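A.B. asks: Here's a structure for you.
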Amino acid sequence: MWRIASSLCVSHQERYLDVALGRLFPKPNSSPAWLARVCALAVSGQPQAAALLAQDVAKVCCGDARILLCCAELLQEQGREEVHEQLRLTEKALGLGLPLGLKKAAHLQLALALERKSRQSGSDLGPAIREVEAALEADPSDCMALYQLARLKALACAPAEDIVALGQRALQAGGLSLGPAWAVIAVARASQQQHEKAIAAIDAGLAECGPGAASLLLSLKVQVLLAGDEPAKALEALQQLMAHVQRGTANPEAADSDMSARLSAAEADMWAQGVHVFLALGQRTDAQFCVDRALSLRPLGADSHYVAGLVHEERGDLQAAIAAFEQAISLDSDHADAQMHLGAMHHRRGAAGDHVVARSLLVSGLKHRPNSSFGWYYLGLVNRAEDRLEEAEEHLKTAVSLQSVVPGLPYMLPHTLF
């Protein structure tokens, strides 16, 4: 039913939607009819309209778990202020005495909402992990739940072997073509500095999954090779990524506006990765070229301005770096890397009040990336500058203990398998 409604929205034939739904459903205001409308809007590239409609419908159909869970899922992609509503709707659905399939879906949806809440508040991921474990109790072989548990444990810095085992179970349950499951195994291996095993997992995923997972796996390969201090090999992986992305953007007139936006974002992300590679190779001119391309494709992208700041920092242009990191944060207030680098810039500048600003930025960045050696190191230096010697020693020791960790890798993992 919803496929028919979705096809009408995708083909911009919304004026026929009421006619189609009227023929499908004797009662046009029934829950299935409204659910079809919401799904149609969502898949046709109108997530905000779908979320608004779903919230209105949820007020009327408050006893229909499918409507409540659909609304909660749509809110996952909306602004940070929606997380409390997402939690409320999912918890309400769980209280309705659901059948097994919906109960499992509700636990997974609640886990995603709790993860968002954790990122915003800096709290631990324990509640989100327990919800995924509840979903697995309902169905121990569910590949989505296995992957979500592996992903959340990677974010929580759980033992690598536990994460690898969960990723392997997800592949056994769902098939070898699940790119994100290969990615989570690679992230776990890289967290233990087992870079060769991480690259082997990525290459196996590329062989099994084909082009569908290539962007994710090649992007991850670039970062793992950089973490392993192999920038020349990272450049080779970047060139593979460029070839893959540019094949997708070679025929822009064949893509609709939604697909075109996604392709443009993927290309901007690719050029942003290039900045990291060329800076590691000491090639500032090439790094600047990548910055220019990223900014032209996504001028309002926080990552585009963040990598611009990295190039300014590498050149020693402190003021330009500060301005670029500030712009990144203005576009994404939770951009942890920009916050920590801006904090480091204020510490290095050392003007009146700079250490107070640096502390605030570093603490905020570490709230979102608690395993960042860079962040703890500069927070230790700020404490030392302010004669907080015990705190400085503790934070510098933390920085040393995290030197082998690549904090950004788990955040590259997608929220879904498909």
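A.B. asks: Could you work out the relative contact order of the range 334-418, using alpha carbon pairs under 8 angstrom and six or more residues apart, expressed as a whole percent?
C.D. replies: About 25 percent, as a whole number.
A.B. asks: Note down the net charge around ALA198, summing +1 for each Lys or Arg and -1 for each Asp or Glu among other residues with Cβ under 15 Å from its Cβ.
C.D. replies: Around ALA198, the charge tally is -1.
A.B. asks: How big is Rg to Rh over the range 334-418, alpha-carbon atoms, Rh as the Kirkwood inverse-mean-distance radius?
C.D. replies: My calculation puts Rg/Rh at 1.05.
A.B. asks: Would you mind ranking HIS107, HIS276 so that the residue whose beta carbon has the fewest other beta carbons within 10 Å leads the list?
C.D. replies: HIS276, HIS107
A.B. asks: When the Kirkwood hydrodynamic radius is evaluated over all pairs of different C-alpha atoms of the range 146-186, what value in angstrom, to one decimal, is obtained?
C.D. replies: Taking the inverse mean of 1/r over all distinct Cα pairs, the range 146-186 comes out at 9.6 Å.
A.B. asks: Now for a different question. Could you list THR90, THR398, THR416, THR285 so that the one with the fewest beta carbons within 10 Å of its beta carbon is first and the one with the most is last?
C.D. replies: In order of increasing Cβ crowding within 10 Å: THR285, THR416, THR398, THR90.
A.B. asks: Can you tell me which lysines have their Cα less than 29 Å from the Cα of LYS233? Leave out same-chain residues fewer than eight positions away.
C.D. replies: LYS153, LYS197, LYS221
A.B. asks: Is the range 351-391 best put as rounded, prolate or oblate by its Cα gyration tensor, with a ≥ b ≥ c the root eigenvalues, rounded for a/c under 1.5, and otherwise prolate when a/b is larger than b/c, oblate when not?
C.D. replies: oblate
Coordinate-derived values only; no laboratory data. Keep in mind the model is a prediction, meaning the values are calculated, not measured. Please note: Cβ atoms are built from the backbone with ideal geometry, for glycine as well, and neighbour counts cover all protein chains shown.
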